[in-house]
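Remarks on the structure that follows.
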Amino acid sequence: MTDEFVAQGITAMANVVALDKDNWFNGHIGASLLAGAGLLRSGQLSPEVVSTLSLCLQRQLKRYQPFFNNVESSPTSCDYTTVIDAIELNSRQLSRSGHGVIYGSLFLDAVLNSGVTVSKLQIENIARLIRNCAVDKWSRYYGIDDYRTFEPQIKPVEIEHLCMLAVQQSTQDVFMDADGYFFSGEKVHAITHAQAIFLLQHNGFDQLARQAATQLAKQLILNDQRPTRGLTSASPKRFDLTDKSTWESHLKDEHQIKLAYSYTYLTSTLSDSLPKLDLLWGAIN
């Protein structure tokens, strides 16, 4: 069952540019399936929760059915060079909150650690999806006209420590999105970006991971740019992966599955204990 969700997630990611050649946002659909599959194989869910989460992912398949149509036939391939190159492009300059790295890392982790085969065309399409993430609205952070010109002093740190910082910073001082700025949304992506970088390192892409880590460090500083007053604080909602009710109702959006997977992966992998997710979980529920 897990490999089925992996295969469907990859198909959905490949279909994004088949349906709209310039789109990047709908990569969330396939990414949520890959994240859900990661949760299912994590070994941290009871049989009851596995069943409930599986039903949740099945609802995703029905909700976004056009994205799960078979991609045009082409030979199978294990050459992921174009995807790796597209990730490298995104690791040079922070863009779209790290989505190019997030999509690419989830894809590579899926194909390297499952029995799913992919086609040459799927790989090419996913590489294009990742390249699409390298273009952004460069004024997305509060008070900064073009964050490409924002060059803070960044001290080098180990990737594991940076991932811990990402979770620590993103689970406190959480404010609701307002006036076109994603004050809580950016914090969600700091955690998913951090996990993506950790996965790259885990799968042997050390140089890519180190380069992307520099962008994550910049992202963490940008995420705290906000007005001094007038924002609404998020209300906490208990995040409990062992509670089947987490997955029983229709999800607000795909970010919930991706965040749950990234947070759960990092809490089970990093050496230090991490703060609770409740504030950020409340902001997106």
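The values are calculated or read from the model by the stated rules, or taken from the named source; none is laboratory data. Just so we're clear, the structure is a prediction, and the values are computed from it rather than from any experiment. Quick reminder, even Gly has a Cβ in these numbers, built from the backbone with ideal geometry, and neighbours come from all protein chains shown. Please note that ligands, DNA and RNA were not included when accessible areas were found on the heavy atoms of the full protein model with its side chains. Shrake-Rupley method; radii C 1.70, N 1.55, O 1.52, S 1.80 Å.
Answer rounded, prolate or oblate for segment 171-248, using the Cα gyration tensor with square roots of eigenvalues a ≥ b ≥ c: rounded when a/c is under 1.5, else prolate when a/b is larger than b/c, else oblate. Present the calculation step by step, with values, prior to reporting the outcome.
Numbers: a/c = 3.33, a/b = 1.26, b/c = 2.65.
Judged from the Cα gyration tensor, segment 171-248 comes out oblate (a/c at least 1.5, b/c at or above a/b).
Suppose only helical runs count, i.e. DSSP H with n ≥ 4. What mean residue ellipticity at 222 nm does that imply for the chain under -39500 (n - 2.57) per run, divided by all residues and rounded to the nearest 500 deg cm²/dmol?
-17500 deg cm²/dmol
How far apart, in nanometres, would the label points at GLU72 and GLU158 be if each is projected 7 angstrom from Cα along the Cα-to-Cβ direction?
4.8 nm
Enumerate by residue number the GluC sites (Glu not before Pro) in segment 166-269 meeting two conditions: DSSP loop (anything except H, G, I, E, B), and at most 12 other Cβ atoms within 10 Å of the site's Cβ.
Answer by residue number: GLU248.
Extension gain ASN285-ASP79, at 0.36 nm per residue separation less the Cα-Cα distance, in nm?
Contour length minus Cα-Cα distance gives 70.3 nm.
Under a straight-distance cross-link criterion of Cα-Cα below 18 Å, which lysines are reachable from LYS62, leaving out those fewer than 8 residues away in the same chain?
Candidates past the 8-residue exclusion: LYS252.
Between THR214 and SER273, with labels modelled 7 Å along Cα→Cβ, what's the label distance in nm to one decimal, could you check?
3.6 nm
Once both labels are modelled 7 Å past Cα along the beta-carbon direction, what's the LEU165-LYS137 spacing in nm?
Label at LEU165, label at LYS137, 2.8 nm between them.
Accessible area of segment 151-211 with a 1.4 Å probe: how many percent of it is carbon plus sulfur? Numbers along the way, then the final one.
Working: 1400 of 2950 Å².
Answer for segment 151-211 is 48 percent, counting heavy atoms of protein chains only.
Would you mind calculating the relative contact order of the chain from Cα pairs under 8 angstrom and at least 6 residues apart, reporting the percent as a whole number?
24 percent.
Can you tell me how segment 208-285 classifies by the Cα gyration tensor, rounded, prolate or oblate, using a/c under 1.5 as the rounded cut?
On the way: a/c = 1.90, a/b = 1.17, b/c = 1.62.
Taking the square roots of the gyration eigenvalues as a ≥ b ≥ c, segment 208-285 is oblate.
Anyone know which of ASN113, ASN90, ASN125 comes out most mobile in the 10 Å Cα GNM of the chain?
Taking springs between Cα atoms under 10 Å, the residue moving most is ASN113.
What is the extension gain from SER235 to ASP179, computed as 0.36 nm multiplied by their sequence separation minus the C-alpha to C-alpha distance, in nm to one decimal?
18.3 nm
Given a 1.4 angstrom probe, I'd like the percentage of the accessible area of segment 22-133 that is carbon and sulfur, rounded to a whole number. Each step should come with its number before you reach the end.
Values: 2260 of 4540 Å².
Using a 1.4 Å probe with all protein chains present, segment 22-133 comes out at 50 percent carbon and sulfur.
In a GNM of the chain with a 10 Å cut-off on Cα contacts, which of ARG96, ARG229, ARG59 has the highest mean-square fluctuation?
Its mean-square fluctuation being the largest, the pick is ARG229.
What does the C-alpha gyration tensor say about the overall shape of segment 91-180? Classify as rounded when a/c is under 1.5, otherwise prolate if a/b is larger than b/c, or oblate.
prolate
Hey, can you find the accessible area per residue of the chain for me, probe 1.4 Å, expressed in square angstrom? Could the numbers behind the result be given before it?
On the way: 12760 Å² over 285 residues.
For the chain, the per-residue accessible area is 45 Å².
Among GLN211, GLN65, GLN168, which one shows the biggest mean-square fluctuation in a GNM of the chain, springs joining Cα atoms closer than 10 Å?
GLN65
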